[in-house]
Amino acid sequence: MFPQQNEPTVHIKPVLTVPARQSIIERMVQSNKQVLRDEFAARLRRALVNAHVQPHGSGVFLKEAAGVTPKAASKWLNAESTPGVDKMPAIARALGVRTEWLHYGEGEMLESSNVAEHPAFKESNVAPPPKMQGYVPVISWVQAGAWTEVCNVDFLGEEMVPRPPACSDATFALRVKGQSMLPRYEPNLIIYVDPEVLPFDGDDVVAVLTDSNEATFKQFVEEPGGGRMLKARNPSWPDPWVPINGNCEIIGVVIATMWMRTPRAS
């Protein structure tokens, strides 16, 4: 007689299924979307800082880069929405970052630059261009006269131009008016002004006289024992000298210029 073998016992555990409420599912979806918006806004702000775009100019920078309204750009910065897939490449290109990183947070933020390795720079006497990141506002001469008061204003709607290399965050741009600084500076030439650069004899500066709210553009002259003066560069300019005797405040030094070709009618 064979010994009795125990039969295997199988335990079946009951599973309780509770249907989720629609409101709970919707809250979970919305919460996930908000996390994605928060993460994108953080990457966008990081890219703006890397591109040296000032907070007061972020809205206009994004508006011009993507061709959207200031309100739409503001929503991106405040994590209220994200750009469409058709806008993302243009924003990434303007900021100098990878589209995949900006959109999804994938990979490295920056593309490796191969500009210096281009054959055109190896086989010629042309040096690689300096790196220009971010934008600065082109302001009015009245705004320049009160730059310390207007430098923190959001310049939505103002013109922006590429930022020159090695300038401070306070740099702004102006369009030359009049002919007092000919022949070096023609009307409509864009000049970059850095308020954090100290003026030396011979520098061109933007200054404001205490009896006027509008800035002026002149050469700074400092003679040993002769005091300081402002001078118009145009040799034919009447009364080219303006003494500095407490009636003048130098706003900043001109550090660069940009000439833009005027489009011709077709």
Item to check | Selected residue (only one of Leu182, Leu230, Leu189 is open to solvent by less than 50 Å² (accessible area, probe 1.4 Å), out of contact with any strand residue (DSSP E or B) (no Cβ under 9 Å at 6 or more places or on another chain) and among the hydrophobic types (A, V, I, L, M, F, W, C)) | outcome: Leu182
Checklist entry - Can you tell me which of Cys167, Cys248 is free of Cβ contacts under 8 Å to residues at least 60 places away in the same chain and either open to solvent by less than 70 Å² (accessible area, probe 1.4 Å) or on the phi > 0 side of the Ramachandran plot (or both)? => result Cys248
Checklist entry - Looking at (1) more than 16 Å from Ala144 (Cα to Cα); (2) in contact (Cβ under 8 Å) with a residue 12 or more places away in the chain, which is the one condition that is false for Gly225? => result (2)
Checklist outcome for this item: Considering region 36-63, residues that are over 11 Å from the mean Cα position of the chain (by Cα), open to solvent by 10 Å² or more (accessible area, probe 1.4 Å) and touching a residue at least 60 places away in the same chain (Cβ under 8 Å), and then whichever is farthest from Pro137 (Cα to Cα), we arrive at Glu39
Checklist entry - Out of curiosity, is Val221 under 25 Å from the mean Cα position of the chain (by Cα) and part of a strand (DSSP E or B)? => result no
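The values are calculated or read from the model by the stated rules, or taken from the named source; none is laboratory data. Worth saying up front: this structure is predicted, and the values here are computed from it rather than measured. Note: ideal-geometry Cβ built from the backbone for every residue, glycine included; neighbour counts use all protein chains shown. For accessibility, only protein heavy atoms count, side chains too; no ligands or nucleic acids. Shrake-Rupley method; radii C 1.70, N 1.55, O 1.52, S 1.80 Å.
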